[in-house]
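Q: Sharing a structure, written as structure tokens. Questions coming.
Just so you know, all these numbers are worked out from the coordinates, no wet-lab data involved. Note that this is a predicted model, so its numbers are computed, not measured. Positions of Cβ are backbone-derived with ideal geometry, glycine not excepted, and every protein chain shown enters the neighbour counts.
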Amino acid sequence: MYAIHWPNVILFALLFLAFPIYVVYRLQTISRKLSRIEQQLLDQKRAELKADNARIAKSQEPPTA
């Protein structure tokens, strides 16, 4: 029967548990960063549309004089 070398078993188990956890953590971090960037772009676009709408509305107002 083979002798079990426990330090190798523990190292092997840690690698196979820690690596997937690290990958999931990194993917979540990237996802949050991309969501933040997407939200900033949407906010910027919304502000541009508001400014354009205000400019168009102002240009369509009848003269008051």
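Q: Is it possible to state the helix-based mean residue ellipticity at 222 nm for the chain, with each DSSP H run of 4+ residues giving -39500 (n - 2.57), the sum divided by total residues, to the nearest 500 deg cm²/dmol? What is it?
A: Working: 1 runs with 55 residues, N = 65.
Helix contribution divided over all residues of the chain: -32000 deg cm²/dmol.
Q: A follow-up question, please. Which of the aspartates and glutamates could a cross-linker span from residue 58 if the Cα-Cα distance has to be under 18 Å and same-chain partners fewer than 8 positions apart are dropped?
A: 48
Q: Identify which of the listed values of percent of Cα pairs over 19 Å apart was calculated from the structure shown: [x] 46; [y] 67; [z] 21.
A: Read-out from the structure maps to [y].
Q: Let me ask you something else. For segment 4-13, just list the computed ³J(HN,Hα) in residue order, Karplus coefficients 6.51, -1.76 and 1.60, θ = phi - 60°, integers in Hz, with x standing in for Gly and Pro.
A: Listing the rounded values in order: 8, 8, 4, x, 5, 5, 5, 4, 4, 5 Hz.
Q: Can I ask one more? Give, rounded to the nearest 20 debye, the magnitude of the charge dipole that the chain has about its Cα centre when Lys and Arg contribute +1 at Cβ and Asp and Glu contribute -1 at Cβ.
A: 80
Q: Now for a separate question. Only loop residues by DSSP count here, and only those with at most 12 other Cβ atoms within 10 Å; note down the chymotrypsin sites (Phe, Trp or Tyr not before Pro) in the chain that meet that. Show your work: numbers first, answer last.
A: Values: sites: 2, 12, 16, 22, 25; in loops: 2.
In loop regions of the chain (DSSP not H, G, I, E or B), the sparsely surrounded chymotrypsin sites (Phe, Trp or Tyr not before Pro) are 2.
Q: Something else: Apply the Karplus parameterisation 6.51 cos²θ - 1.76 cosθ + 1.60, with θ equal to phi minus 60°, to every residue of segment 23-38 and state each ³J(HN,Hα) to the nearest whole Hz, in sequence, with x for glycine and proline.
A: Those phi angles translate into 4, 4, 4, 5, 5, 5, 4, 5, 4, 4, 5, 5, 5, 4, 4, 4 Hz.
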